[in-house]
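Each remark here refers to the structure printed beneath this line.
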Amino acid sequence: MSQSRELQLRIRQMEEIRSILNAMKNLALIEMHKLTHYESSQSLAVANIEQAAQDFLAFHPPAIAKDQANLIAVLIGAERGFCGDFNEQLISFVNTGRYSGIIAIGTRLCNRLSTHPLIIAAINGANSAEEVSSILNQLIEAITAIATENSDKPLFNERSLRFRLIAIYHDYRSAQLRERQIVPAFSALSQRTLHKGHAPILNLKPSEFFSELSYHYLYAVLHEIFYLSLLAENQQRLQHLEGAVKHLDDASVNLHRKVQIYRQEEITEEIEVILLNSENL
């Protein structure tokens, strides 16, 4: 096979790869549009719960345990590839902290941390927004198991907690890694100045209300965190794939130029052979 034909074969292969990468890029873009809608709605729900918690805690401050020595990190990584150093940044971040345990989410991240001494649980990650709920159920089970080991009381009893749970994830809004405490809930709100006025009217005991509110808040804030992480993941994937497609386009242009050069040389050689044959005749 001549050099020009070999290059043309390589060009066709690169075009096939480019079409696959371009399809993946479009899927990432579609997922980002969908996640943007989900995240905005979820953020509003979280803000409403936090407002209700602020009104409640102004008159019923929780008695958080003082000896919460265990600091457990929930690392939310990428389930799929083509997103650069998404997982590596999380690993580097958690290695610099003072955590006593790690819950890893995402198959690729779990594989990287399989031999890490602090791993408590490894959970597969979500490929799309529709899979977030099922992943969260597994995460809640892992968190409940940790709480059971630390205390014989319910997870959302603020007096029973002997650990703090910190979510570490890529925040799409700030484009940075973020630490966010999710257990115990409302720790920042409980430290604010008490309001003046009348306390909210409750149909439950304050401890029961706070426990139920914390339960709903945990699910709401984890949904928000997962949506933000998936948005950041797909954004990095989109940028990575755009760079790969551009690289293939540039390489394809260079190969086309080489094909023209080699083809001109081959035509020149063919003309020379024809001229030599004609002279011999």
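The values are calculated or read from the model by the stated rules, or taken from the named source; none is laboratory data. Keep in mind that what you see is a predicted model, and the values were worked out from it rather than measured. Here the Cβ is made from the backbone with ideal geometry for all residues, glycine too, and neighbour counts use every protein chain on show.
Looking only at the stretch 1-54, count how many residues are surrounded by 13 or more Cβ atoms within 10 Å (Cβ to Cβ), under 24 Å from residue 261 (Cα atoms) and small (Gly, Ala, Ser).
Number of matching residues: 1.
Can you find a residue that is in the same structural domain as residue 125 (by TED's automatic domain parsing), within 28 Å of residue 188 (Cα to Cα) and among the charged types (D, E, K, R) anywhere in the stretch 46-54?
Looking through the stretch 46-54, at least one residue is in the same structural domain as residue 125 (by TED's automatic domain parsing), within 28 Å of residue 188 (Cα to Cα) and among the charged types (D, E, K, R).
Take the stretch 75-119 and flag every residue that is more than 16 Å from the chain's Cα centre (by Cα) and of a type in the set (S, T, N, Q).
95, 96, 100, 114, 115
In the stretch 257-274, what count of residues is obtained for those that are touching a residue at least 12 places away in the same chain (Cβ under 8 Å) and of a type in the set (D, E, K, R)? If you could, list the steps in order and put the result at the bottom.
Going through the stretch 257-274, the residues touching a residue at least 12 places away in the same chain (Cβ under 8 Å) turn out to be 258-259, 262-263, 266.
If we keep only those that are of a type in the set (D, E, K, R) as well, we get 258, 263, 266.
Counting residues in the stretch 257-274 that are touching a residue at least 12 places away in the same chain (Cβ under 8 Å) and of a type in the set (D, E, K, R) gives 3.
Determine, yes or no, whether residue 85 is among the charged types (D, E, K, R), in the same structural domain as residue 222 (by TED's automatic domain parsing), over 29 Å from residue 243 (Cβ atoms) and surrounded by fewer than 18 Cβ atoms within 10 Å (Cβ to Cβ).
Details: among the charged types (D, E, K, R): yes; in the same structural domain as residue 222 (by TED's automatic domain parsing): yes; over 29 Å from residue 243 (Cβ atoms): no; surrounded by fewer than 18 Cβ atoms within 10 Å (Cβ to Cβ): yes.
No: the conditions fail for residue 85.
Quick check on residue 169: is it part of a strand (DSSP E or B), at pLDDT 85 or above, crowded, with 16+ Cβ neighbours inside 10 Å and not hydrophobic (A, V, I, L, M, F, W, C)?
Working: part of a strand (DSSP E or B): yes; at pLDDT 85 or above: yes; crowded, with 16+ Cβ neighbours inside 10 Å: yes; not hydrophobic (A, V, I, L, M, F, W, C): yes.
For residue 169, the condition - part of a strand (DSSP E or B), at pLDDT 85 or above, crowded, with 16+ Cβ neighbours inside 10 Å and not hydrophobic (A, V, I, L, M, F, W, C) - is met.
Yes or no: the stretch 61-68 includes at least one residue that is surrounded by 19 or more Cβ atoms within 10 Å (Cβ to Cβ), of a type in the set (A, V, I, L, M) and either closer than 30 Å to residue 188 by Cβ or over 25 Å from the mean Cα position of the chain (by Cα) (or both).
No, the conditions are met nowhere in the stretch 61-68.
Collect the residues in the stretch 90-142 that are touching a residue at least 60 places away in the same chain (Cβ under 8 Å), among the aliphatic types (A, V, I, L, M) and within 17 Å of residue 223 (Cβ to Cβ), keeping them in residue-number order.
Once the filter is applied, which keeps residues that are touching a residue at least 60 places away in the same chain (Cβ under 8 Å), among the aliphatic types (A, V, I, L, M) and within 17 Å of residue 223 (Cβ to Cβ), the stretch 90-142 yields 126, 129, 132, 135, 136, 139, 140.
Give 111, 137 a once-over and let me know the one that is part of a helix (DSSP H, G or I), within 21 Å of residue 183 (Cα to Cα) and modelled with pLDDT of 90 or more. Step through it out loud before you land on a result.
Numbers: 111 fails: within 21 Å of residue 183 (Cα to Cα).
After ruling out the rest, the residue left standing is 137.
For (1) exposed (fewer than 13 other Cβ atoms within 10 Å of the Cβ); (2) touching a Pro at 6+ places or on another chain (Cβ under 7 Å); (3) at pLDDT 90 or above; (4) of a type in the set (Phe, Trp, Tyr), each residue gets a yes or a no:
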site: 204; (1), (2), (3), (4): yes, no, no, no
site: 217; (1), (2), (3), (4): no, no, yes, yes
site: 223; (1), (2), (3), (4): no, no, yes, no
site: 230; (1), (2), (3), (4): no, no, yes, no
site: 233; (1), (2), (3), (4): no, no, yes, no
site: 240; (1), (2), (3), (4): no, no, yes, no
site: 245; (1), (2), (3), (4): no, no, yes, no
site: 258; (1), (2), (3), (4): no, no, no, no
site: 274; (1), (2), (3), (4): yes, no, no, no
